[in-house]
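Inspection log for the structure reproduced underneath, given as structure tokens.
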Protein chains: 2
Amino acid sequence: MQYDPLALFGKRLVELRKARGWSQERLALESGLARSYVGGIERGQRNIALYNICVLAATLGVSPASMLDFDELT
Amino acid sequence: MQYDPLALFGKRLVELRKARGWSQERLALESGLARSYVGGIERGQRNIALYNICVLAATLGVSPASMLDFDELT
């Protein structure tokens, strides 16, 4: 693979979170995921699993597919 | 969440694999993932992580986002 999925996902999550005007704390609170885990995902350090990708999508009110809609690949 | 992400992902993977005319064995061979793991994913029994989602996307020649493009949610 010519790209780093974890880094791209982290960047995308920051983008979607900020579009809602949320802090990491707020996203953690709303999603039920630990704040430190959210921080690790956003830094590209967590190989997040499908279920939590969909939890974040539902929390942010976006489709699961848009969580993996990486600009760099289009 | 009103849906089962693992079941939907499994169904989507079967769809994409069959669109290429591949068996589970062929997808396992091409992706480097174990055949039993591919079978478990397709049965909705594996909470596959981001990196392997992107490995499967690259192997199938589709975007990561399309792996999570669940008809049931549109």
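The values are calculated or read from the model by the stated rules, or taken from the named source; none is laboratory data. In this text the structure is predicted, and so the values were computed from the model without any measurement. We place every Cβ from the backbone using ideal geometry, glycine too, and count neighbours over all the protein chains shown.
Of the residues A:21, A:40, only one is within 14 Å of chain B (Cβ to nearest Cβ), of a type in the set (Gly, Ala, Ser) and farther than 23 Å from residue B:41 by Cβ; which? Among A:21, A:40, only A:40 is within 14 Å of chain B (Cβ to nearest Cβ), of a type in the set (Gly, Ala, Ser) and farther than 23 Å from residue B:41 by Cβ.
For every residue, the table says whether it meets (1) on the phi < 0 side of the Ramachandran plot; (2) modelled with pLDDT of 95 or more; (3) within 8 Å of another protein chain (Cβ to nearest Cβ).
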residue: B:26; (1), (2), (3): yes, yes, no
residue: B:36; (1), (2), (3): yes, yes, no
residue: B:49; (1), (2), (3): yes, yes, yes
residue: B:61; (1), (2), (3): no, yes, no
residue: B:64; (1), (2), (3): yes, yes, yes
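Screening residue A:35 on (1) in contact with an Asp or Glu (Cβ under 7 Å, 6 or more places away or on another chain); (2) free of Cβ contacts under 8 Å to residues at least 12 places away in the same chain; (3) crowded, with 17+ Cβ neighbours inside 10 Å shows it passes everything except condition (3). Residues that are among the acidic types (Asp, Glu), in a helix (DSSP H, G or I) and farther than 25 Å from residue A:61 by Cα do occur in region B:29-41. Any chance region B:8-30 includes a residue that's in contact with a helix residue (DSSP H, G or I) (Cβ under 7 Å, 6 or more places away or on another chain) and among the hydroxyl-bearing types (Ser, Thr, Tyr)? The answer is no, given that none of the residues of region B:8-30 is in contact with a helix residue (DSSP H, G or I) (Cβ under 7 Å, 6 or more places away or on another chain) and among the hydroxyl-bearing types (Ser, Thr, Tyr).
Between B:49, B:57, the distinction of being closer than 14 Å to residue A:51 by Cβ and without any contact (Cβ under 8 Å) to a residue 60 or more places away in the chain belongs to B:49 only.
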